[in-house]
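Read the structure below first, then the notes.
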Amino acid sequence: MKLFNQGTPVTSAVSFAGLIEKIEILRSTLRWSSRLERPEIEKLLKQATTLRDEVMGLSHKERFVAAASAEPEAVTEVEPVDLSSRERRQALMERSFIFEGTFGDNPKLLEALEIAEKASPTDLPVLIDGESGTGKELMAKVIHANGSRTDKPFISVNCGAIPDSLLESELFGHKKGAFTGAANDRRGKFESAHTGTIFLDEIGELPLVGQVKLLRVLEAHEIQRVGSDEVISVDARIVAATNKDLRRMSQEGTFREDLFYRLSVIHVTLPALRERRDEIALLVAYFGDESAGQLKRRPVKLTPRLRDFLMHYDYPGNIRELRNIMYRISCLAGDTADLAHLPQDIRPRPAGLSVVAGAGKAGVADVTTATSLAEAKRAASDEAERAFLERGLQEVGGTVAELARRFEMNRSHVQMLLKKHGIHSKDFRGNRAAEGGK
Ligand SMILES: Nc1ncnc2c1ncn2[C@@H]1O[C@H](COP(=O)(O)OP(=O)(O)OP(=O)(O)O)[C@@H](O)[C@H]1O
Ligand SMILES: [Mg+2]
């Protein structure tokens, strides 16, 4: 961005961008390295992160001073066009953009990051929308981290989680004795966010009375604690997020139109994971690796049918769901994860399983596709049997003998049933402790 490098002495700009680039390359090389042992990698990553923070800290002031004293920009600068996604990400890195861990090269995501880059140094309100789990809160942090308020508080408020009766006091604070239970003076989220950023999450859930009050703060930059006459100035940068269509809500009268326009001076929309399918493989590897690091284990291998499922699944919960799935299977599986390690509610049905890898009993019908009552009953019974065995194995940490003992079954019968369903007991080893800790 012009603001950052223009006007800075050439040598400093080059070495600054070059240094950041080197650090980023080092970080990503280390993250994907298969030869180094994890503790070593972690140590190096830590060092690289510290170095990067130092560079950012040192350069921050310089960049803004340079921007303020720069000659007015010539109008001749042309915005780059048609850059590849890699180049766009690279360009953001060179401009020392802070990603806060935002991963992916999808054009819509990059567009959102580029908008965030331009919006960050300003105090303009930003509205972020996108389905659940698309990274709205992460984007709000990106905006905060790239702006001049980065060292100041970032206060997050979930507007949907505050009961109506407490809303005003949560946001603006209250005076002692203002209402029953107000035992002390208390400051609200806006005052806490003074000089920093306030993140108003799920803004679409804010009741109409709250909307009116918020509008007043946006207009006057002042608040009053509940029960107090004193007017307090607050300087909080507002970033709001929603998974609702606020424009439509404002047309329908459930969200104030004036507030919508005030909040959405800059409007960023995050893409659903379905729209960035090309990145699922990378995200699976990324979160597989991240979860392995956190759980202190080797990255889990995936059977071809599980990989196939992960590539084609719809992810209504978007990146959060994919991330959770990878953590779950890293926690539950042994060396290799299979469909059985997926959450029950998204696991494909037995018919799917037997078709994909031929592991189950050939020709097992699906309850929904059975052509006779008898077949449907058999399919349902098979499903129940499978779920029972999997749950049992999870509970006993993958020990077949223990499973047989617990359910008073013959061990060879259990073995036979596991074989029938293509379930590998070793995939459930080491689960008991992990499950217990959750
Ligand atoms: N592009 C991304 N790269 C890496 N991680 C991401 C990305 N987007 C989201 N995540 C991760 O996915 C999870 C969900 O993100 P976040 O909480 O920001 O989503 P959200 O849109 O606020 O969700 P909700 O609507 O449910 O509140 C977090 O763990 C976040 O770090
Ligand atoms: Mg959120």
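None of the figures in this text is laboratory data; all of them are computed from the coordinates on show. Just so it is clear, the structure is predicted and the values come from calculations on it, not from any experiment. Every residue, glycine as well, gets a Cβ built from its backbone with ideal geometry; the counts of neighbours run over all protein chains shown.
Oblate is the label for the range 109-171, because the ratio a/c of its alpha-carbon gyration tensor axes (a ≥ b ≥ c) is 1.5 or higher and a/b is not greater than b/c. Proximity of backbone amide H atoms, modeled 1.01 Å from N, is registered between Ser156 and Phe199 at under 5 Å, excluding neighbours fewer than 5 places apart on the same chain. Ordering Ser250, Ser330 by the number of other Cβ atoms within 10 Å of each residue's own Cβ, fewest first, gives Ser250, Ser330. Past 26 Å, Cα to Cα, is the threshold; run Lys46/Lys189; Lys213/Lys244; Lys43/Lys118 against it and keep the listed order. Those over the limit are Lys46/Lys189; Lys43/Lys118. Of the trypsin sites (Lys or Arg not before Pro) in the range 157-219, the ones in a loop by DSSP (not H, G, I, E or B) with at most 16 other beta carbons within 10 Å are Lys176.
Say R0 is 22 Å: what FRET efficiency, to the nearest 0.05, do Val212 and Tyr261 get from their beta-carbon distance?
Working: r = 15 Å, r/R0 = 0.67.
The formula returns an efficiency of 0.90 here.
Restriction of the GluC sites (Glu not before Pro) in the range 168-250 to DSSP coil positions whose beta-carbon has at most 15 other beta-carbons within 10 angstrom yields Glu230. Can you tell me how the range 196-252 classifies by the Cα gyration tensor, rounded, prolate or oblate, using a/c under 1.5 as the rounded cut? Verdict is prolate for the range 196-252.
Net charge of the neighbourhood of Asp201, taken over other residues with C-beta under 10 Å away and scored Lys/Arg +1, Asp/Glu -1, is -2.
Restricting the range 137-246 to chymotrypsin sites (Phe, Trp or Tyr not before Pro) that sit in a DSSP loop and have at most 14 other Cβ atoms within 10 Å of their own Cβ leaves Phe179. Across the range 130-144, coupling constants 3J(HN,Hα) worked out from phi with the 6.51/-1.76/1.60 Karplus curve, θ = phi - 60°, read x, 5, 4, x, 8, x, 5, 5, 4, 5, 4, 5, 4, 4, 5 Hz, and Gly and Pro carry x. Which whole-angstrom value gives the distance between the alpha carbon centres of the range 387-427 and the range 265-290? The range 387-427 and the range 265-290 have Cα centres spaced 37 Å from each other.
Put a dot 7 Å past the Cα of Ser148, heading toward its Cβ, do the same for His413, and the two dots end up 7.6 nm apart. Karplus-derived 3J(HN,Hα) values for the range 85-97, using 6.51 cos²θ - 1.76 cosθ + 1.60 with θ = phi - 60°, are 4, 4, 5, 5, 5, 4, 5, 4, 4, 5, 8, 6, 5 Hz; glycine and proline are entered as x. Remark: relative contact order (the range 111-271) = 35 percent; criterion is Cα-Cα distance under 8 angstrom and separation of 6 or more residues. When Arg323, Arg38, Arg149, Arg237 are sorted by how many other C-beta atoms sit within 10 angstrom of their C-beta, beginning with the fewest, the order is Arg38, Arg323, Arg149, Arg237.
Label-to-label distance, Lys176 versus Asn324, with points set 7 angstrom from Cα along the beta-carbon direction: 4.4 nm.
From least to most packed, judged by other beta carbons within 10 angstrom and beginning with the fewest, Val265, Val231, Val396 follow the order Val231, Val265, Val396.
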